[in-house]
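The values are calculated or read from the model by the stated rules, or taken from the named source; none is laboratory data. Nothing here was measured: the structure is a model prediction, and the numbers come from that model. So basically every Cβ, Gly included, is an ideal-geometry build from the backbone, and we count neighbours across all protein chains shown.
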Amino acid sequence: MLRLVTASLYLRSPRTQVIPLLHVRPCTSFIQQENTVAVDALYNLCVDISKVRKQKGWVLRQSPAYVSETAALLRDMGASESIIARVLELYPEAILCKPEEMDAQRKLWMSVCPKPMDLVGIIEKFPSSFFTSSSDHDNQKANILYFQSIHLNKRIISKLMATAPQSFSQPVKQNEEMIQMLQKTFLDLGGREDNMKVWLQKLITQNPYVLSKVPEALHNNLVFLRDNGFTSSELLQLLTKLKGFVTELNPESIKHSLSYSQEILGCTEAELRQIVLECPALLYYPVPILAERFKGLLAAGMSIEKIMETPTVLELTTQIVQYRIQKLRSYGYDAQTGSLQVLNGTKKDFEKSYGQLHLRRERPLFNPVAPLTTED
């Protein structure tokens, strides 16, 4: 009993020395289901086994596994040992791809990304896009040929393959239908044919997921907006600003969002359309989000009139708005009396804005006609 009490007091003592854990090789033999050969190979590549085991432990129980072959492929393309370890930690499923499948993927990818180190950079960021099933290979190849036929350059195609791999795994006909719908819509809304290629490239690059949407969704939403008074040129402006996200909306949700916005702003339909053109987010934010953001701005002392002058402030979360208002106030800027435009933009844009305010505060402009103050 005395030993137990003494041990307990010793453990609880704040002066007890804590012995740091040593970086030891994890034991693999106690889990019989694991593929110990694969685990050992991953360990030798400095892969964090505990991380893999915690997040995707099922991979370690698969056999066969091609750890050395996967590492050799990446190494052959110029990947460093640290990059190889990061790729296998992020996407351990890579070791389940057969060597012939990986080699076929490398050849396919290098047809649009010929520089090995550029491809390594893509794999490091998007490993799941590279290590795909062999059943997708034919669709990938057909889609690459299709995108080349509509004059998308290799850089854009490789970016699409990395960020939206599902668009290359699906049958080429689905991509053809969506591209044709976008092209037709652009021309029908008054776009010039000689500008269509650049417009399409920009839209797809900004929102590659548009290719996985249903063409009818785009058509239905544009018809609904036209019925609500938007002209062809305004619809083209919205489609461009929304980067194709029009396909992710539905008429019912748009209707509710517009009705709520008009009610709280107290504006006419024509005024609302102009506000939407400046801040298309009003179309796709659901009513609860809009309500929260209006409430936050009003609680911060902003008037409806000021919100209407700079509606893009509604694209910011309430927390961001509150933080930026406080930050500006610390530099002597009152958002209630000044423009809300200074609140807008990315974090980098905002830091630049309040940095300029700080500079003005520290270095006021010299007034050559102001009287000089001198000591008597």
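Here are some notes:
- Consider the stretch 188-199 and keep the residues that are more than 13 Å from SER233 (Cβ to Cβ) and of a type in the set (A, V, I, L, M). The one that is surrounded by the most Cβ atoms within 10 Å (Cβ to Cβ) is MET196.
- Residue that is farthest from the chain's Cα centre (by Cα), among those in the stretch 196-231 that are part of a loop (DSSP other than H, G, I, E, B) and over 15 Å from ARG273 (Cα atoms): VAL214
- When ASP118 is tested against (1) at pLDDT below 95; (2) closer than 28 Å to PHE147 by Cα; (3) of a type in the set (Asp, Glu), exactly one condition is not met: (1).
- Subset of the stretch 257-295 (residues that are assigned to a helix (DSSP H, G or I), under 16 Å from THR317 (Cβ atoms) and aromatic (Phe, Trp, Tyr)): TYR284, PHE294
- Leading residue by the ranking (surrounded by the fewest Cβ atoms within 10 Å (Cβ to Cβ)) among those in the stretch 215-235 that are of a type in the set (A, V, I, L, M) and in contact with a helix residue (DSSP H, G or I) (Cβ under 7 Å, 6 or more places away or on another chain): ALA217
- If the condition is being more than 21 Å from GLU101 (Cβ to Cβ) and part of a helix (DSSP H, G or I), then the stretch 71-88 contributes GLU81, SER82, ALA85, ARG86.
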